[in-house]
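Heads up: the structure comes next, in C-alpha cells.
Where a number appears in this text, it was derived from the coordinates with a stated rule and is not lab data. Since the structure is predicted, the reported quantities are computational estimates derived from the model, not experimental observations. Positions of Cβ are backbone-derived with ideal geometry, glycine not excepted, and every protein chain shown enters the neighbour counts.
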Amino acid sequence: MSGYSVDLPLDADFELRLGAARRFWLALERRALGMPPLALPALKQRRLILALRAVDGWQKGNSYRQIAQGLFGSHRIAEGAWKTDDLRSRIIRLVKLGRRLMRLRWRALLDKRRGREDK
C-alpha cells in the first residue's frame, strides 16, 4: 500500500498518536493489531479491582483482617501474628490506593495514556 501519510504533531500526546498511527497501518496491512493502546495490563487491572473491593469493605466499617478474609480467604491469614503479617500490609496499601482512586475521581484509571499515576 502506498499513497498514505500521517501527520503527527510533537506534543504531549505524541506517543499515543504514534501508537494509533501504527495500529492504523497494521489494520491497512490486515495484520494483527495487538492490545488496544489504553488497555490495562492484567496484573494492574487485578490490583485496581482488589483496591476498589478493599476500600468498599473499609467504608462499610470492616477491619483490615475482615477485608483480607473477604478478598483472600481465611486460610491466608496467620493466627497469631496479624500485626506483622505481609497480608495486613498489602490490605492497608490496597485501601490507600482505593481511597486515592476515589479522591482523584478515577483519573489514575482514565489518564493511563500518559503513563502517570497520581500519588
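Output ³J(HN,Hα) for the range 15-31: one whole-Hz value per residue in order, computed from phi by the Karplus curve 6.51 cos²θ - 1.76 cosθ + 1.60 with θ = phi - 60°, and x for Gly and Pro.
Each residue's phi maps through the Karplus curve to give 4, 5, 5, 4, x, 5, 5, 5, 5, 4, 4, 4, 5, 4, 7, 6, 10 Hz.
Explain nothing, just the number: dipole magnitude of the chain about its Cα centre with +1 on each Lys and Arg Cβ and -1 on each Asp and Glu Cβ, in debye rounded to the nearest 20.
420
Please give the FRET efficiency for residue 7 paired with residue 46, using the beta carbon to beta carbon distance and R0 = 30 Å, rounded to the nearest 0.05. All intermediate terms of the calculation are to be shown ahead of the outcome.
Details: r = 38 Å, r/R0 = 1.28.
After rounding to 0.05, the efficiency reads 0.20.
In vacuo Debye scattering of the chain, one point per C-alpha: log10 I(q)/I(0) at q = 0.10, 0.13, 0.20 Å⁻¹?
Per q value, in the given order, log10 I(q)/I(0) is -0.49, -0.67, -1.07.
Residue by residue through the range 75-87, what is 3J(HN,Hα) from phi via Karplus (6.51 cos²θ - 1.76 cosθ + 1.60, θ = phi - 60°)? Round to whole Hz and write x for glycine and proline.
5, 8, 9, 5, 5, x, 9, 5, 4, 10, 5, 4, 5
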